[in-house]
Amino acid sequence: MTLPRPAPAPLLLLLQLIATATITSALASGQIMNNTQAMAMALDVNEIPQRYDEAQLWRIYNISEAMQRQVPVGQVLEQKFGGNIWKENSKFLDISIGKEQLKAARSFLDAQRLDAQVLSENVQALIDEEHLDGINATAPEQGQRSKKAARSSMHWKDYHDLETIYAFMREIRSKFPNIVRLYTIGQTAEGRDLKVLRISENPREYKKIWIDGGIHAREWISPATVTFILYQLMSNWENQPAHIRGLTWYIMPVMNPDGYEYSRTTNRLWRKNRSPSRRSNCLGVDLNRNFDIGWAGYGSSTNPCSDTYRGSSPASEAETKVVTEFLAKRKYNLEAYLTYHSYGQMIVYPWAYKAVKVKDASVLQRVGNTAVQRIAQKTGSTYQSAVTHEVLGIAGGGSDDWSRAALGVKYVYTVELRDRGTYGFVLPPKFIKDTALEGWTVAETVAQAIG
């Protein structure tokens, strides 16, 4: 069960014309519209899915630290030229630029003596390919799945809406009532539930591992991977090895439900949550800049319109607040914190908020290297394990750093899933299963390290 995808461009234009004509007609005929009605009609027009026709995805190399201090290239392209930052690290900047701003943005880069490699000539074509790939993979099964009304319609041939993911979590709970507990730990700004599943044969005594996904809305492969990890655990629970069954697993597939749903219905490249700002018309906070660790430091923004806006204060957001409170109550025996993102094919560990390694970095590097080797054997993909700040740059307010600093969690990893920029966030569904297997391999390796 998936939400409707963005409509084709001609249909969008038609919808806009109809909406405009309806409002104009109502006014011309003397119909009285109150403010609420007018706002609702305007909102409908504004919520028409955003398209990225002929927007280009660029990769820009050779941005030195000295240049960044003088001219923050990503920030300028975002704020002045309407760019959408996909990935920014010490080696390169990936950013999409709308059709109307391409020429001006090119001129800006020329002035800085920078060149852009074009990763995609048309971002909308990537989005359309992702959509069609999912349709083609699932079309033969649509009728079959509808007959199994008692079961969730979860599979890994396409991406799913929030309700399908939550139905899958409920199904797991109903099938394993003795070892599974389903928590609703809070609600979002738009009133959606925040759900966590606990799997344990002995929750009081077993060591704990936390896994989350979907903190950034547009990273669809993340919730897909975390639900696959849940499936891998429970489809064969009785035969799992002791290092799997002997842990308490906390699994939160979607930490940002509002943003995730918005990215499915309206703006495929939306990153933040959807909470309103008191000082701007721009919505949303980057939840992975909102945790109370290096919050006011480098790598986040004070501008509510920025994709890396850190919020008005640490843990200002409902999602951040309830997750930190939930974990703080369960920090005893909490041995691992795994958070899944995309893209880049990396397994990274603290610190991110400062250019320092944790004291036991050699242990984390060894486990990371083991996961990298196992992934290469299973799928042939090349991942890299490293300290976060060395490969992704410095950024404060992250959930991974917070779990180490506030809770003393030992095995802390951010897993950047596929790919390396060919599709970026818009990874076609045909890659879900192998990517999710890579995510499961990391979880399995960490579980083994916990012992």
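The values are calculated or read from the model by the stated rules, or taken from the named source; none is laboratory data. Computed from a prediction, not measured in an experiment: that's the story for all the values here. Cβ sites come from the backbone with ideal geometry, for glycine too, and all protein chains shown count toward neighbours.
So which residues in region 337-372 are under 22 Å from Ala296 (Cα atoms), part of a loop (DSSP other than H, G, I, E, B), under 24 Å from the mean Cα position of the chain (by Cα) and not charged (D, E, K, R)?
Result: Pro350, Trp351, Ala352, Tyr353.
Among Pro257, Pro304, Pro276, which is the only one that is farther than 25 Å from Ser90 by Cβ and in contact with a Cys (Cβ under 8 Å, 6 or more places away or on another chain)?
One residue alone meets the criteria, Pro304.
Can you tell me which residue within region 157-174, out of those that are under 17 Å from the mean Cα position of the chain (by Cα) and among the hydrophobic types (A, V, I, L, M, F, W, C), is nearest to Thr266 (Cα to Cα)?
Applying the filter and picking the extreme gives Leu162.
Test each condition in (1) buried (at least 21 other Cβ atoms within 10 Å of the Cβ); (2) under 26 Å from Thr225 (Cα atoms); (3) touching a Ser or Thr at 6+ places or on another chain (Cβ under 9 Å) for Gly344 and report the one that comes out false.
(3)
Whether any residue in region 202-210 is of a type in the set (Asp, Glu) and surrounded by fewer than 23 Cβ atoms within 10 Å (Cβ to Cβ) is what I want to check.
yes
Step by step: first the residues of region 159-201, then only those that are assigned to a loop (DSSP other than H, G, I, E, B) and among the aromatic types (Phe, Trp, Tyr), then the one that is surrounded by the most Cβ atoms within 10 Å (Cβ to Cβ). Which residue is that?
Tyr159
Out of the residues in region 402-432 that are within 17 Å of the chain's Cα centre (by Cα) and not in a loop (DSSP other than H, G, I, E, B), which is surrounded by the fewest Cβ atoms within 10 Å (Cβ to Cβ)?
Phe431
Assess whether Lys195 counts as being under 19 Å from the mean Cα position of the chain (by Cα) and either touching a residue at least 12 places away in the same chain (Cβ under 8 Å) or not assigned by TED's automatic domain parsing to the domain that holds Ile432 (or both).
Values: under 19 Å from the mean Cα position of the chain (by Cα): yes; either touching a residue at least 12 places away in the same chain (Cβ under 8 Å) or not assigned by TED's automatic domain parsing to the domain that holds Ile432 (or both): yes.
When the stated conditions are applied, Lys195 passes them.
Only one of (1) modelled with pLDDT under 95; (2) closer than 30 Å to Ala66 by Cβ; (3) among the polar types (S, T, N, Q) fails for Ser152. Which number is that?
Tallying (1) modelled with pLDDT under 95; (2) closer than 30 Å to Ala66 by Cβ; (3) among the polar types (S, T, N, Q), Ser152 fails exactly one: (2).
Check whether at least one residue in region 291-305 is surrounded by fewer than 24 Cβ atoms within 10 Å (Cβ to Cβ) and assigned to a helix (DSSP H, G or I), and report yes or no.
Scanning region 291-305, I find no residue that is surrounded by fewer than 24 Cβ atoms within 10 Å (Cβ to Cβ) and assigned to a helix (DSSP H, G or I), so the answer is no.
For region 103-134, give me each residue that is in contact (Cβ under 8 Å) with a residue 12 or more places away in the chain, over 30 Å from Val71 (Cβ atoms) and not charged (D, E, K, R). Break it down stepwise before answering.
In the first step, residues of region 103-134 are kept if they are in contact (Cβ under 8 Å) with a residue 12 or more places away in the chain; the result is 104-105, 108-109, 112, 114-124, 126-127, 129-131, 133-134.
Next cut, over 30 Å from Val71 (Cβ atoms) only: 127, 129-131, 133-134.
Answer for region 103-134, where residues must be in contact (Cβ under 8 Å) with a residue 12 or more places away in the chain, over 30 Å from Val71 (Cβ atoms) and not charged (D, E, K, R): Ile127, His131, Gly134.
Please work out if Ala55 is modelled with pLDDT of 90 or more and either surrounded by fewer than 11 Cβ atoms within 10 Å (Cβ to Cβ) or among the small types (Gly, Ala, Ser) (or both).
Details: modelled with pLDDT of 90 or more: yes; either surrounded by fewer than 11 Cβ atoms within 10 Å (Cβ to Cβ) or among the small types (Gly, Ala, Ser) (or both): yes.
When the stated conditions are applied, Ala55 passes them.
Condition check: in the same structural domain as Val409 (by TED's automatic domain parsing) and either part of a strand (DSSP E or B) or of a type in the set (Ser, Thr, Tyr) (or both). Does Ile251 satisfy that? Lay out the reasoning, then the answer.
Values: in the same structural domain as Val409 (by TED's automatic domain parsing): yes; either part of a strand (DSSP E or B) or of a type in the set (Ser, Thr, Tyr) (or both): yes.
Yes: the conditions hold for Ile251.
In the same structural domain as Met255 (by TED's automatic domain parsing), touching a residue at least 24 places away in the same chain (Cβ under 8 Å) and over 17 Å from the mean Cα position of the chain (by Cα): is that true of Pro177 in this structure?
The answer is no for Pro177.
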